[in-house]
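In what follows, a structure is listed as structure tokens, so that the remarks can point back to it.
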Amino acid sequence: MTQDAIDHIYDSLAQLTDFQNATVEEACQRLVGPAGPQGRLLVGDEVGLGKTLVARGVIAKLLLNYLNRGKLRRPFRVVYICSNLALAQENANKLAVFHGKGAEKWVSSPSFGRLAELGLKQPAPKDGLLLELCSLTPATSFSLTQGGGNARERYIIWRAISKSAYVKDTVELQEFFRNGVNHSWQVAEQYYEKSEGLEPETLTEFSDRLGGSPQLDAKAFAAAKAIGLSLHSWRSLLRGISELDGDEEKNQSHLEWQVRGRIREMFVEACAQNLKADLFILDEFQRFRNLVSISVDPERSDGKTSEQQVIARRVLHEGTNYATLLLSATPFKALTHIGEEEEGTAHAQELSELLEYLCRADPTTVKRYQMNREALLADILSLPESPLAENTLQSEAKSAVEKVLRTYICRTERAGIEPNIDRIFSSVVPQPSVPSPTEINEYIALDRLSEALKAASVGSAGIDVMKLHKAAPWCLSFLGGYQLRESLRAHKWIPGVAAALKCSSDAWIPVEKFRGYQINLTRDAPSARFREVLDAAVSAGAERLLWVPPAMPNYQADGPFAGQENFSKTLLFSSLVLAPRALSSYVSYECERRLLPIRGKRPQYFESRDEFARTFRFDAKSLSTAWGLVYPSARLSAVQLVGEYGLHELRERIEKELSADYKLMCATFGKGKASKKKSWYVLAPILLDWLTAGGKSHVRQWASGMKRMSESSDMRKSQVQSMLLLLEKEPLELGEPPSDLKRYLVDLSVAGAGVCMNRSMRAAWTDTGSADAENLLIGATDAALSFIDKMNRIESQRVLRAVCGADKPWIAVARYSAMGNLQAVFDEYLHLLKSIHRTFTDSVKAFKVAVDTGAVSVTAQTQLPPPKKGTSYDVRFHCHYAVPLGNQKSSDEAGVSRITNARAAFNSPFWPFMLNSTSIGQEGLDFHWYCRRIVHWSLPPNPIDLEQREGRINRFKSLVVRQRIAEAYGRRMGKNRPADVWEALFNIAKTEDRRTDLVPFWHAPDGSAKIERIVPSMPFSSELTRLDEVLRILSLYRLSFGQPRQQELVENLLKRKYSEADLAEIRRALLIDLAPINYRKLPR
């Protein structure tokens, strides 16, 4: 078993690139000493280079070392701490060393979710387990508010108190901790009874703490005194609470709340010592810096150590028998301004504090670093004027700083290991248009409202009218959650405010025009900036696309996909929550409007869509025509698609290839007088298989697997069995087939969802051992059903009707799919899913999550909500082409689900095609698989944030990389393409001369595709020139690494007007390099 596990670990390590592997080797050397894990290290790789994969590599390498030396006596324990649940879910697969059956055999996840649960004895690990991986988030595990915790926590605490000396276990004491809940308390009791009881050392420490004096605020202290409770110790206070009767407990909610909260704090502090690990990993740790800052600044401004720090000290600072790995692309402020120096939050100070933590405040290390850093600063300040001769600058100080920092920090950056990589960007700053009268009137209306509120003295001085105006057209309709709306609502009766509101119609959506699809936003939107973004994100004809065209098509695109070969999704960032909601609403509306027929009855835009009648039904009345699209036909899957064909020529070739099989099918089943044409469309792909050699066993295997293994509904499963009964019944007579049946079968062989998914899955997983033939069949069917459900939505049906006219719905789906190269779309997407999820089951699940995500609704107001409840001026926009990301909470389960689903859908080839985000999407989330266009609706205040934003789409195997790879090497594939064409393309690209594995996975030097950077601006806006300034700063700021007063230093370099050759020499001599790939010698 051990050798089998070792082989799996080697497979995991083999997936690392050379620069990732170099960092893994360096990290393992730094983190493990003679006595075992004990070091501290930061992996601060630039955004998008795979820090989480490096962490997985560290886990794998350390586990491998233990196994090879025979020193693993228990599972290797890893605790992964990240900032929110969304990030934890995002990175779960990336961190997994073992997958599938390997994970079941060798990996365990602890059963606790909160630290209070560690007050119970943890069960001994099962035999054979090698790895224990636990994920925690500070919001739930480290941050202790004054609350008493959830029911499970309070139950455990009550049981601990009841076992403490001198506290009587009474009904009143239990009721105090039960806090009025019933079901959750019963569930907590069951959880406790299944455990092995309380952990003795924790119970002892907690009991000792109960002897201390209660620390209560003044209000709680007075309430306790008023009812005669003893405050000599926590124990005496609890003893008094346990003896209170019901009348005495009334009106003591604040006291009860605070006592429960303080008791929970003490209990969790006692439990923290039980969270043991060989390796702690803190991901994006800068979001909870106080977890690692204890050794630097243990006291808060109020003289108390924070709750997070108290617990973190127990977990991360006390003891030396574990290693700590920090992950962050922005571990400290990369560039700070003068004001931040005075506030004590500057880059140099944060880096110094971090270094003190990493080196355990070793005075020799700190002094050596400061001395050499100052010497390097002197070298930078004394740079001679341009021109600089090559190899004339000295590097001694730089090398000395690197020697200190490389012991504790690894940081790989694209530009540091691959030259000219920034040339992949293309900046577009559209020339601003003269504002329209409506746009000017909207600004005037906002300014009037601001002045009216100011005159009414309701604090409107904080309203930035221009910022609000730039957020979105008709911005007053999207003020949900803003204090401004509440201020207007509360003071609308004041004459000045009322007059301003009366004249504010230009700042509200023209609801009747929207309702009847009468406003053309492409032409009439009252914002030139918005029209520029709309033209880029929804270019002519893009509203007719249901998926992104493949980067490597099997044949020339047709229909709405012709001319869209370079299409990309669009990622937009804004600093205001209002903008993503408004812009998503307008873009999605305009896409719908463009699809409507010029003549005929038009629907109402704001009407409810919940009752939309699905085109494809799976009910008890009849077999669904969708089965022809979904069934993974063996005969049709055998058809080859690749060749120098247009779609018309391809169809003609396949029609000839299927001719004999089609004639046999018609001769066998076309008997009988009654023509059952609908049944032909349902059964024809199955009948083709039924008549071929081995086809009957294929059909029966499919039907049997659907019954036993499919995750589809019982109704759908029953329809499969009904179809099998029809086939087994002799004779089956369907009468004369429909005239278009042969062409339908041809399109199914080209682009039927079940056929395409069957081909793609067999290509990706047949030789991996991840799935057998039956699993592949059922997985292909379930995924195809999810795809058909997507086509069944009203948004998809409108596109199909606009493109395919009066075609029968099933024929429309097949014909449209053929136009759009659906086979190549599936091949490309499954290749990407496999690269992340690795196993067949997880990849199918991820496909279904992405495809199942539907449209979202955004609420807007047509005028100010009245003070009285019951009256609504709300309307709901239907967002499918564009969706917002910004008002979801990343720390609660529902918010995490929405963020996860939005990311999954945007990272699929299917709609949404535009994601409009606030800063929530700026760190930690990937959006790069089908997007190479980024819009900075508002430029961020710090240039580093621009780098963070753009890192979302400049990542591993991104769209821009795949389009370039396909352009450069696609013709080498020929007509006989390998099963996984993308694996083959990247393998070809790897044979080219290159410095590192950054090429071809993160950067493809050849090809015309670029990452589009769009900055829409208003006339006379500072953003017209600010982008150039930001980009120049980004090109130089790394020279100020570790230095104080960065702003002045960068400004000084900018004024020197060095040439590119000069800057190259300066970077060679003075730029700190912490990339292990550049100083560790590893075999290629």
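If the Cβ limit is 6 Å and pairs must be 6+ apart or interchain, which residue in the range 404-417 that is farther than 17 Å from S328 by Cα pairs with which residue that is part of a loop (DSSP other than H, G, I, E, B) and small (G, A, S)?
G416/A1075; I417/A1075
Assess whether P1016 counts as being within 30 Å of the chain's Cα centre (by Cα) and surrounded by 15 or more Cβ atoms within 10 Å (Cβ to Cβ).
The answer is yes for P1016.
Pick out the one residue from Y589, Y605 that is outside any helix (DSSP H, G or I), over 29 Å from R762 (Cα atoms) and among the hydroxyl-bearing types (S, T, Y).
The conditions single out Y605.
Please give the number of the condition E992 fails out of (1) farther than 26 Å from A334 by Cβ; (2) at pLDDT below 90; (3) crowded, with 18+ Cβ neighbours inside 10 Å.
Condition (3) is where E992 drops out.
Mind telling me which of the residues L72, L64 ends up being surrounded by fewer than 23 Cβ atoms within 10 Å (Cβ to Cβ), modelled with pLDDT under 85 and either over 18 Å from the mean Cα position of the chain (by Cα) or over 26 Å from K845 (Cα atoms) (or both)?
Exactly one residue qualifies, and that residue is L72.
Please work out if L1034 is aliphatic (A, V, I, L, M), under 30 Å from L377 (Cα atoms) and in contact with a Leu (Cβ under 6 Å, 6 or more places away or on another chain).
Numbers: aliphatic (A, V, I, L, M): yes; under 30 Å from L377 (Cα atoms): yes; in contact with a Leu (Cβ under 6 Å, 6 or more places away or on another chain): no.
No; evaluated as a whole, the condition is false for this residue.
Counting only residues that are surrounded by 18 or more Cβ atoms within 10 Å (Cβ to Cβ) and closer than 15 Å to K219 by Cβ, which one in the range 231-255 is modelled with the lowest pLDDT?
In this case the residue turns out to be Q252.
The conditions are (1) under 25 Å from L925 (Cβ atoms); (2) of a type in the set (S, T, N, Q); (3) at pLDDT 75 or above, and Q349 fails exactly one of them. Which is it?
(1)
If you take the residues of the range 174-204 that are over 11 Å from G119 (Cβ atoms) and aromatic (F, W, Y), which of them is surrounded by the most Cβ atoms within 10 Å (Cβ to Cβ)?
F177
Kindly indicate whether L1024 is in contact with a helix residue (DSSP H, G or I) (Cβ under 6 Å, 6 or more places away or on another chain) and either without any contact (Cβ under 8 Å) to a residue 40 or more places away in the chain or surrounded by fewer than 20 Cβ atoms within 10 Å (Cβ to Cβ) (or both).
Taking the combined requirement at face value, the residue does not satisfy it.
Is there a residue being surrounded by fewer than 16 Cβ atoms within 10 Å (Cβ to Cβ), touching a Lys or Arg at 6+ places or on another chain (Cβ under 9 Å) and at pLDDT 85 or above anywhere in the range 463-477?
No, the range 463-477 contains no residue that is surrounded by fewer than 16 Cβ atoms within 10 Å (Cβ to Cβ), touching a Lys or Arg at 6+ places or on another chain (Cβ under 9 Å) and at pLDDT 85 or above.
Every residue in the range 152-176 that is among the aromatic types (F, W, Y) and over 38 Å from the mean Cα position of the chain (by Cα), please.
W158, Y166, F176
Evaluate the following for S184: is it in a helix (DSSP H, G or I), at pLDDT 90 or above, closer than 30 Å to E90 by Cβ and in contact with a helix residue (DSSP H, G or I) (Cβ under 9 Å, 6 or more places away or on another chain)? Explain how you work it out, then say what you get.
Working: in a helix (DSSP H, G or I): yes; at pLDDT 90 or above: yes; closer than 30 Å to E90 by Cβ: yes; in contact with a helix residue (DSSP H, G or I) (Cβ under 9 Å, 6 or more places away or on another chain): yes.
Here the answer is yes, as S184 does meet what is asked.
With respect to I509, is the statement that it is part of a loop (DSSP other than H, G, I, E, B), within 41 Å of the chain's Cα centre (by Cα), β-branched (V, I, T) and over 23 Å from L939 (Cα atoms) true?
Here the answer is yes, as I509 does meet what is asked.
Taking the range 1039-1066, which residues are surrounded by 17 or more Cβ atoms within 10 Å (Cβ to Cβ) and among the basic types (K, R)?
Correct list: R1045 only.
Is one or more of the residues making up the range 99-106 hydrophobic (A, V, I, L, M, F, W, C) and either within 22 Å of R154 (Cα to Cα) or part of a loop (DSSP other than H, G, I, E, B) (or both)?
Within the range 99-106, none of the residues are hydrophobic (A, V, I, L, M, F, W, C) and either within 22 Å of R154 (Cα to Cα) or part of a loop (DSSP other than H, G, I, E, B) (or both).
For a quick check of your reading of the model, give me the residue pairs whose first member lies in the range 737-764 and is farther than 16 Å from L688 by Cβ and without any contact (Cβ under 8 Å) to a residue 24 or more places away in the chain, whose second is of a type outside the set (G, A, S) and surrounded by 24 or more Cβ atoms within 10 Å (Cβ to Cβ), with beta-carbon atoms closer than 6 Å and at least 6 apart or on different chains.
Pairs found: none.
Out of the range 902-925, which residues are modelled with pLDDT of 80 or more and closer than 19 Å to T137 by Cβ?
Answer for the range 902-925, where residues must be modelled with pLDDT of 80 or more and closer than 19 Å to T137 by Cβ: just R903.
For the range 943-958, indicate whether the set of residues that are within 27 Å of the chain's Cα centre (by Cα), part of a helix (DSSP H, G or I) and closer than 30 Å to G643 by Cα is non-empty.
Among the residues of the range 943-958, not one is within 27 Å of the chain's Cα centre (by Cα), part of a helix (DSSP H, G or I) and closer than 30 Å to G643 by Cα, which makes the answer no.
Do we have any residue at all in the range 974-982 that's of a type in the set (D, E, K, R), assigned to a loop (DSSP other than H, G, I, E, B) and out of contact with any helix residue (DSSP H, G or I) (no Cβ under 9 Å at 6 or more places or on another chain)?
The answer is yes, given that some residue of the range 974-982 is of a type in the set (D, E, K, R), assigned to a loop (DSSP other than H, G, I, E, B) and out of contact with any helix residue (DSSP H, G or I) (no Cβ under 9 Å at 6 or more places or on another chain).
When you scan the range 108-121, do you find a residue that is part of a helix (DSSP H, G or I) and at pLDDT 90 or above, even just one?
Yes - at least one qualifying residue is present in the range 108-121.
Within the range 565-575, does at least one residue satisfy the condition of being aliphatic (A, V, I, L, M) and surrounded by fewer than 24 Cβ atoms within 10 Å (Cβ to Cβ)?
Our first condition is that a residue be aliphatic (A, V, I, L, M); within the range 565-575, this holds for 571-572.
Now drop any that are not surrounded by fewer than 24 Cβ atoms within 10 Å (Cβ to Cβ), which leaves none.
Looking for residues that are aliphatic (A, V, I, L, M) and surrounded by fewer than 24 Cβ atoms within 10 Å (Cβ to Cβ), one finds none in the range 565-575, hence no.
Taking A806 as meeting all but one of (1) surrounded by fewer than 23 Cβ atoms within 10 Å (Cβ to Cβ); (2) touching a residue at least 12 places away in the same chain (Cβ under 8 Å), write down the number of the exception.
So A806 meets the others, but not (2).
Within the range 190-228, can you find the residues that are touching a residue at least 24 places away in the same chain (Cβ under 8 Å), within 39 Å of the chain's Cα centre (by Cα) and either over 21 Å from A270 (Cα atoms) or assigned to a loop (DSSP other than H, G, I, E, B) (or both)?
Passing the criteria: S195, E196, G197, E199.
Which ones in the range 916-955 are in contact with a Pro (Cβ under 9 Å, 6 or more places away or on another chain) and hydrophobic (A, V, I, L, M, F, W, C)?
W929, V935, W937, L946 - these are the residues of the range 916-955 that are in contact with a Pro (Cβ under 9 Å, 6 or more places away or on another chain) and hydrophobic (A, V, I, L, M, F, W, C).
Can you name the number of the only condition in (1) in contact with a Phe, Trp or Tyr (Cβ under 7 Å, 6 or more places away or on another chain); (2) within 26 Å of R531 (Cβ to Cβ); (3) hydroxyl-bearing (S, T, Y) that Y482 fails?
(1)
The values are calculated or read from the model by the stated rules, or taken from the named source; none is laboratory data. These numbers come from a predicted model, not from an experiment. Virtual Cβ from ideal backbone geometry, glycine too; neighbours counted across all protein chains shown.
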